[in-house]
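Structure record follows, encoded as structure tokens.
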């Protein structure tokens, strides 16, 4: 009796092991597909670190658009699906604008007000449709958001564009490539601008 019981138990373990081997890799594959790995951003983070000093940014052609941008409400249908959060103060370098984004040269630096100072928190790659871009840009395997209208009052409504925000120096609970960051605060900053998510526009024709 004990021998038969032991035999059944052993067979049970064999079946369990085989089932685990068959299911395990598939489960791991599904998890890998559901949550892609964050790309290595260490090189761009190191290259842009000098802009922790806003004076260096201005010297290199990045100029402040003054307002600290906050998105207070989720994007409505037909608009960019932003989640509530902030983007910070944008420093724009017009000389870097073109149809093909360069991972080493963002068009925009993002700063968070910190008392009387500005703290570098990230960067934005910005591609206006007027550059002649023919398809959605990608960087680090990530498609750009948009195309969308401009963000008045700081960006003319007519300036339709793609963009990609990258939170290099401040953690973002929504993800490193999310356009808004709920942990970034504009409150108390003299030029606090609350905007709505911009409307989406048609993709350019190739």
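The values are calculated or read from the model by the stated rules, or taken from the named source; none is laboratory data. Fair warning: this is a prediction, and the values are worked out from it, not measured in the lab. Cβ atoms come from the backbone with ideal geometry, glycine included; neighbour counts cover every protein chain shown.
Looking at region 163-178, can you tell me whether even one residue there is touching a helix residue (DSSP H, G or I) at 6+ places or on another chain (Cβ under 6 Å), in the same structural domain as residue 92 (by TED's automatic domain parsing) and either on the phi > 0 side of the Ramachandran plot or at pLDDT 95 or above (or both)? Checking region 163-178: at least one residue is touching a helix residue (DSSP H, G or I) at 6+ places or on another chain (Cβ under 6 Å), in the same structural domain as residue 92 (by TED's automatic domain parsing) and either on the phi > 0 side of the Ramachandran plot or at pLDDT 95 or above (or both). Given the structure, is residue 169 in a strand (DSSP E or B) and within 23 Å of residue 41 (Cβ to Cβ)? Here the answer is no, as residue 169 does not meet what is asked.
Report whether or not residue 91 is buried (at least 22 other Cβ atoms within 10 Å of the Cβ), within 21 Å of residue 201 (Cβ to Cβ), in the same structural domain as residue 59 (by TED's automatic domain parsing) and in contact (Cβ under 8 Å) with a residue 24 or more places away in the chain. Don't jump to the end; show me each part of the working.
Details: buried (at least 22 other Cβ atoms within 10 Å of the Cβ): yes; within 21 Å of residue 201 (Cβ to Cβ): no; in the same structural domain as residue 59 (by TED's automatic domain parsing): yes; in contact (Cβ under 8 Å) with a residue 24 or more places away in the chain: yes.
The answer is no for residue 91.
Being in contact (Cβ under 8 Å) with a residue 40 or more places away in the chain and within 14 Å of the chain's Cα centre (by Cα) is the filter here, so list the residues in region 109-141 that pass it. Within region 109-141, 109, 110, 121, 122, 123, 124, 125, 140, 141 meet the criteria.
Selection of region 82-108 for residues being over 21 Å from residue 180 (Cα atoms) and under 17 Å from the mean Cα position of the chain (by Cα) yields 102, 104.
Which one is farthest from residue 152 (Cα to Cα) among residues in region 58-78 that are buried (at least 16 other Cβ atoms within 10 Å of the Cβ) and touching a residue at least 60 places away in the same chain (Cβ under 8 Å)? In this case the residue turns out to be 75. Kindly check whether there is at least one residue in region 67-75 that is in the same structural domain as residue 181 (by TED's automatic domain parsing), at pLDDT 95 or above and farther than 20 Å from residue 199 by Cβ. Within region 67-75, one or more residues are in the same structural domain as residue 181 (by TED's automatic domain parsing), at pLDDT 95 or above and farther than 20 Å from residue 199 by Cβ.
For region 26-40, the count of residues that are under 23 Å from residue 190 (Cβ atoms) and modelled with pLDDT of 95 or more is zero.
Would you call residue 106 buried (at least 20 other Cβ atoms within 10 Å of the Cβ) and outside any strand (DSSP E or B)? Show your work before the answer.
Numbers: buried (at least 20 other Cβ atoms within 10 Å of the Cβ): yes; outside any strand (DSSP E or B): yes.
Against the criterion (buried (at least 20 other Cβ atoms within 10 Å of the Cβ) and outside any strand (DSSP E or B)), residue 106 qualifies.
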